[in-house]
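Step one of this worksheet: look at the structure below.
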Ligand SMILES: [Zn+2]
């Protein structure tokens with residue numbers, strides 16, 4: 001599990017911006033992500049809503065956040081955590097304390113409440129209002145997500161779980177494999193540490209082929225690949241890949257052993273989670289039209305948002321363009337922010 005910058009192999013776009021003299025502010029919902037994003041941006045404003053009360057000038061580039069925003073740091077499991085991030089961004093922008101803002105939210109509400117529910121609608125309109133404030137303050141705003149979210153329960157509301165390590169153990173014995181669920185973390189409450197992607201480590205190489213074949217045969221599994229094939233297909237580093245990668249279908253999740261997952265934590269909610277191919281499609285939203293002279297890519301990825309937000313030639317505003325996979329901002333939605341202009345040199349950021 002990654003909870004800080006220990007495993008980074010390169011540096012970050014934020015750090016490259018800081019090196020070029022851009023004033024960066026990075027605000028996260030949870031503190032574990034703050035510890036990664038703080039990598040090589042010393043002196044910049046970088047804090048989490050979760051630990052807003054502990055921010056110091058020396059470590060976070062800002063202190064007294066709670067009195068500055070006017071309310072205490074929200075609980076880690078709340079929609080309020082995300083709103084606190086956006087309110088902090090709005091205030092920093094009002095006070096002109098950064099040129100580039102990276103504001104990241106949590107998916108707590110999306111895990112708990114389906115689109116269209118009262119709670120989801122109210123959260124979205126809270127986000128929308130704040131994003132509108134950022135635009136009104138003159139920022140170029142770009143919004144994206146790191147994944148979608150699907151319902152993972154059956155008609156009766158029970159989660160559709162494949163307990164993969166249990167299933168493999170019942171055929172090949174208790175110590176044949178270790179199944180790792182990357183969605184697990186010590187802080188999990190709302191999704192029972194269940195997502196649609198797992199890595200399987202086999203204890204003996206002869207088991208690889210038969211266990212891979214078995215994984216492919218399980219109903220509810222969309223795809224099972226060797227680690228080698230998965231690393232190639234999904235552009236992952238091979239040395240950090242499992243022996244086998246298993247991805248479930250849209251309405252299923254994959255767990256390890258039944259005893260490792262506390263489903264009582266769902267508290268009567270239908271399980272909603274992510275990690276599969278079914279959650280790959282996400283929006284990229286921009287508050288500005290793209291200049292039509294810009295060469296168009298076909299397969300946009302969420303990380304292209306940096307390029308789009310930073311390198312838009314927004315002196316040239318043409319007719320409204322809707323690109324494949326991109327929605328151009330009408331008055332309502334977004335997230336990564338550039339304040340008027342700002343990359344001193346344009347190449348390769
Ligand atoms: Zn999540």
Find the Rg to Rh ratio for region 248-293, where Rh is the Kirkwood radius over alpha-carbon pairs and Rg uses the same atoms. 1.25
Over region 161-271, what lengths in whole Å, largest first, do the semi-axes of the equivalent ellipsoid take, defined as the square roots of 5 times the eigenvalues of the alpha-carbon gyration tensor? 23, 16, 13
Mind ranking 151-160, 234-243, 122-131 by how tightly packed they are, going by the mean number of other C-beta atoms within 10 angstrom, highest first? 122-131, 151-160, 234-243
Multiply the residue gap between residue 151 and residue 67 by 0.36 nm, knock off their C-alpha separation, and tell me the result in nm, one decimal place. 26.4 nm
Under 16 Å from the residue 91 label point (7 Å along Cα→beta-carbon), backbone N, region 8-35: 25-29
Calculate the spin-label point distance for residue 118 paired with residue 219, positioning each point 7 Å from the Cα along the beta-carbon direction, and give it in nanometres. 3.8
Kindly state, to the nearest 0.05, the FRET efficiency for residue 1 paired with residue 303, given R0 = 25 Å and r defined as their beta-carbon distance. 0.70
Stretched fully, the stretch from residue 228 through residue 20 gains (0.36 nm per residue minus C-alpha distance, one decimal, in nm) 71.1 nm
Thinking of region 1-71 as a set of Cα atoms, what percent of all their pairs are more than 17 Å apart? 42
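No value in this document is a laboratory result; all are computed from the given coordinates. For clarity, every value in this text was computed on a predicted model and none was experimentally measured. Methodologically, a virtual Cβ is constructed for each residue, glycine included, from the backbone with ideal geometry; neighbour enumeration extends over all protein chains shown.
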